[in-house]
Amino acid sequence: MSYIGRFAPSPTGPLHSGSLIAAVASYLQAKSLQGKWLLRIEDLDPPRELKGAADDIIRTLDHFGFEWDDQICYQSKRRERYEAILEQLQQQDHSYPCICSRTDIQAAGSMTAFGIRYPGTCRQGIPRTKTPHSIRIRVTDKTISFADKIQGQYQQNLEHDVGDFIIKRADGQTAYQLAVVIDDAAQGITEIVRGSDLLDSTPRQIYLQQLLGYPTPDYAHIPVIVNRHGEKLSKQTGASAIDTESAGATLVHALCYLNHQVPQSLQLAPVSEIWQWAIEHWQLQQVAQRRVIEA
Ligand SMILES: [Zn+2]
């Protein structure tokens, strides 16, 4: 089977250095294995999105010399497919409507290492008169484990650690966990290289893959860049957009975070030459086996 990787940014703002590093790692992993690298815009959260950000991210990637295969996938255009799968899960009794508010869950749920565990309040049904807020998937008391290529063995028991989780949000949008699983399967993704902030979500995604009969791809979660307060770099934590003026220097810097030292002689070379070197020398095992790296 040939390799298919992807990069899937959310258009909440311009590309920042943290997402550039994830893009670089996933791109090099795909290209060094003569695979395909697909681009997906995860635009399912209109309140958090910034107008024009998707085009801005695409322009930036293009400017850095990324070459994606096939057409760009926009999650906002995939709603019919998501609805069909939501319907299927409901019919198979894998999901149920939930009327709990955030306050209800905070009051009744227990705290785990992964946040507040949903206590299962609506599992046995809701009063007919109530309008559902969201749709949840039933989880089982089974440990889901996988071998991450960077972070090593990782496991969660969804019943104990997370509880039944949301697959359709109260605002009618398909939840990230479900949309990402449907799209990875539809695009035939064989390996996912992304930031370690999504490591905790992976067992939920594997669980959905199993329910839907999809193959489980390989996973490699790279360390995320945090500021000195330990916060992931993002628009919310005040990360600035990356410097596109000196794309080569920015790329050399990104490679450095991934433990790939570009030779001195190439540091001022055009981006195409830096890419050529990087594709030839890329070794996923060289990436630090850590969850975070301080900027
Ligand atoms: Zn509920």
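What follows draws every value from the coordinates through simple rules; no lab data is involved. Just so we're clear, the structure is a prediction, and the values are computed from it rather than from any experiment. In this analysis, Cβ positions are derived from the backbone assuming ideal geometry, glycine residues included, and neighbour counts consider all displayed protein chains.
Some points to look at:
- By the beta-carbon count within 10 Å of each Cβ, the least crowded to most crowded order of Arg290, Arg138, Arg194, fewest first, is Arg290, Arg138, Arg194.
- Ranking of Val292, Val139, Val262 by count of other Cβ atoms within 10 Å, fewest first: Val292, Val262, Val139
- With pairing defined as another cysteine C-beta under 4.7 Å, the cysteines of the chain that fail it are Cys73, Cys100, Cys256.
- Grouping the Cα pair distances of segment 48-119 into 5 Å bins from zero gives a pair-distance distribution of 3, 11, 11, 11, 12, 15, 13, 12, 9, 3, 0 percent in increasing distance order.
- Over 23 Å between alpha carbons, listed pairs Lys36/Lys142; Lys36/Lys168; Lys31/Lys232; Lys77/Lys168: Lys36/Lys142; Lys36/Lys168; Lys31/Lys232
- Contour excess over end-to-end distance, with Cα ends at His160 and Ala241 and 0.36 nm allotted per residue: 25.3 nm
- Cβ crowding within 10 Å, taken as a proxy for footprinting-reagent exposure, orders Phe64, Phe146, Phe114 from fewest neighbours to most as Phe114, Phe146, Phe64.
- Segment 17-94: GluC sites (Glu not before Pro) in DSSP loop, at most 12 other beta carbons within 10 Å: Glu67
- Spherically averaged projected area in nm², based on the convex hull that wraps the Cα atoms of segment 80-168: 7.4
- The listed peptides 221-227, 69-75, 128-134, ordered by packing as a protection proxy, come out as 221-227, 69-75, 128-134 (highest mean of other Cβ atoms within 10 Å first).
- The protection proxy used here, the mean number of other Cβ atoms lying within 10 Å of each residue, ranks peptides 4-10, 101-107 as follows, highest first: 4-10, 101-107.
- Kirkwood-type hydrodynamic radius, the chain: 20.4 Å, calculated from all non-identical alpha-carbon pairs.
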